[in-house]
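See structure below.
All of the numbers you see were taken from the coordinates with simple rules; none came from a lab. In this text the structure is predicted, and so the values were computed from the model without any measurement. As a convention, Cβ positions derive from the backbone with ideal geometry for all residues, glycine included, and neighbour counts pool all protein chains shown.
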Amino acid sequence: MDGERAEAVTNAGNAPRRFFGLPRAVFLLGAVSFMNDAASEMIYPLMPVFLASIGASMSFIGLVEGVAETTASLLKLFSGCIADRLGRKRALTVAGYAFSNALRPLIGIASAGWHVLFLRFVDRVGKGIRTAPRDAVIADATPEGERGRAYGFNRSMDHGGAMVGAAVAFVLLTYAGVSVPGIFLLSAVPGILAVVFVTAAVGTARDPSVRLAAPPKLSLRPFSGRFRLFLFVLVVFTLGNSSDAFLLLRARELGVPVAHLPLVWIMFHAVKSISSGPGGALSDRVGRTRMIVAGWLVYALVYLGFSQAQTAAHAWVLFACYGLFFGLTEGVEKAFVADLVPAELRGTAFGIYNFAIGIVALPASLLCGFLWQSYSSTVALGTGAALAAVASVLLVAAVRSRTSDR
C-alpha cells in the first residue's frame, strides 16, 4: 500500500495541470471518448434493423456482434502487453482511434450481411488496439484515491457522446430524410474530430516511465490471486451478457417504432452518462466490489424484466434501468483492475481484463441468439439474468473469503 501511495504522489507531481479537478490527460481523453462514441452510436442502434433489412437472421446478428467483440478483446490482450513492452501506450492509443474511424463509416455502402461482418471486424480491430493502452494511460495519470472518479468521468463522456450520436441519427432520420446508410457515412465527421483530439491529448512519444528490464509476458503468473479470482467471476457474468442488439430487437418486438430506437438509445446513454461519474466516485469511498455486485444485480433484474415485458413502455423503463447498471460497474471495474496490479503491468492487466470479457462475447451472443431462435426471447433473456445472479453470489463469496478490497 505504501508503494501505491508513493506512486500516487509521483503521479500527482507529474500532472500539475488539471481541468475541472482532473489530470489534463484524463480530461482530454474524456473528450476523445465523447467524439468517438458520437460517431459510433450514430450507427449502432440502427445496426440490427439494418442487418435484418438486408436479410440477416437472428443467429447471424449474434455472429456479427460476437465476432466483433471477440476480435476487439483478442487485440486488447496483445496491445496491452505490447504497450508495456515497448513503452508505446500513447502511440497505440492514437493508432487505434485512427483505424476505427477510417473504416467504420464504410458500413454505409454495405449491401450484404458479410460486408457488415467484415467492417464490424475491422472497426473492432481499432478498438482492440487502443483500449488497454488508453486505460493504462488514465491509471498512470491519476492518483490512486481518484481512479474511480477518473474512469467514471471517462465512461460518462463516452456515454454522453453516444447520447449525442444517437440524437443526431434520430434528427437526420426523422426530419432531414437521410437514409440509414447515409447516417452511417456521416459518422465520419465526429470520427475525424476524435482522431484530432486524441493526437492532442497524448501524442505518440515513448511513455516516460517505462520499465524494459523484464518485459511483460502474456501470463497470469505475475498477478495476484485476487486479480485472477475476479477474472473468473467476471467470465461467469459475461457469459450472460449478450450483445445489446438483442435488447434493441426486443424493444422493436414490444412495439417501439424503428424511428424511435435512437431515442431509446439517447435515454439509455443519458442514464449511463449521469450515473457513471457518481458511481465511480462512490466506489472510491465504499469499495469496488460493493458497487460491482450492486450493478450486476441491477443487470439481472433488467434482463428478467425484458424477458417478461409486454409493452413498448416497459422497454423504455427497462432501458433506463439498464443504463444504471453501466454507471455502477464500468468505471468501477477498471479502477478495481488498476488497484489490483502494479503500475508496470497495467497495460497487460487491462489487456487480460478486456480479453476475459470479450472472449466470452462470442459464445454469449451465440447462446442468446440460439435460445431466442430455438425457444423464445423469454428463455434467452432469462438465462442472462440467471448467470448475472450467479456471478453476484460468487463475487460476494470471493470477497468474504479474502480481505476487503478496501
**Study point:** 3J(HN,Hα) from dihedral phi, region 300-310, Karplus parametrisation 6.51/-1.76/1.60, rounded to Hz, x for glycine, proline
**Key:** 4, 5, 5, 5, 5, x, 4, 5, 10, 4, 10
Review point. What order do you get for 27-34, 126-133 when each peptide is scored by the mean count of other beta carbon atoms within 10 Å, highest first?
Key: 126-133, 27-34
**Study point:** Rounded to 10°, Cα long-axis angle of helix 312-340 versus longest principal axis of the chain
**Key:** 20 degrees
Check your understanding: If one takes the longest principal axis of the Cα atoms in the chain, at what angle in degrees, from 0 to 90 and to the nearest 10, does the Cα axis of helix 147-174 lie?
Key -> 20 degrees
Check your understanding: If you take the beta carbon distance between Arg228 and Gln308 as r and set R0 to 51 Å, what does 1/(1 + (r/R0)^6) give as a FRET efficiency, to the nearest 0.05?
Key -> 0.90
Review point. For the chain, with the dipole built from +1 on Lys and Arg beta-carbon atoms and -1 on Asp and Glu ones, taken about the Cα centre, which of Leu28, Pro105, Leu362 lies farthest toward the positive end?
Key: Leu28
Study note, to complete from the structure: Per GNM of the chain with C-alpha springs under 10 angstrom, the most fluctuating residue out of Ala338, Ala141, Ala294 is Ala294
**Study point:** Helix axis angle, 346-358 relative to the chain longest principal axis, alpha carbon, degrees
**Key:** 20 degrees
Revision key, fill the gap. With -39,500 (n - 2.57) per DSSP H segment of 4 or more residues and division by the full residue count of the chain, the 222 nm estimate, nearest 500 deg cm²/dmol, is -26000 deg cm²/dmol
Revision key, fill the gap. About its Cα centre, the chain carries a charge dipole, from +1 on Lys and Arg Cβ atoms and -1 on Asp and Glu Cβ atoms, whose size in debye to the nearest 20 is 760 debye
Exercise for review: Using the Karplus curve 6.51 cos²θ - 1.76 cosθ + 1.60 with θ = phi - 60°, work out ³J(HN,Hα) for each residue of region 241-248 in order, rounded to whole Hz, and write x for Gly and Pro.
Suggested key: 9, 6, 4, 5, 4, 5, 5, 5
Practice item. Could you tell me, in Å, what Rg and Dmax come out for the Cα atoms of the chain? Key: 20.1, 60
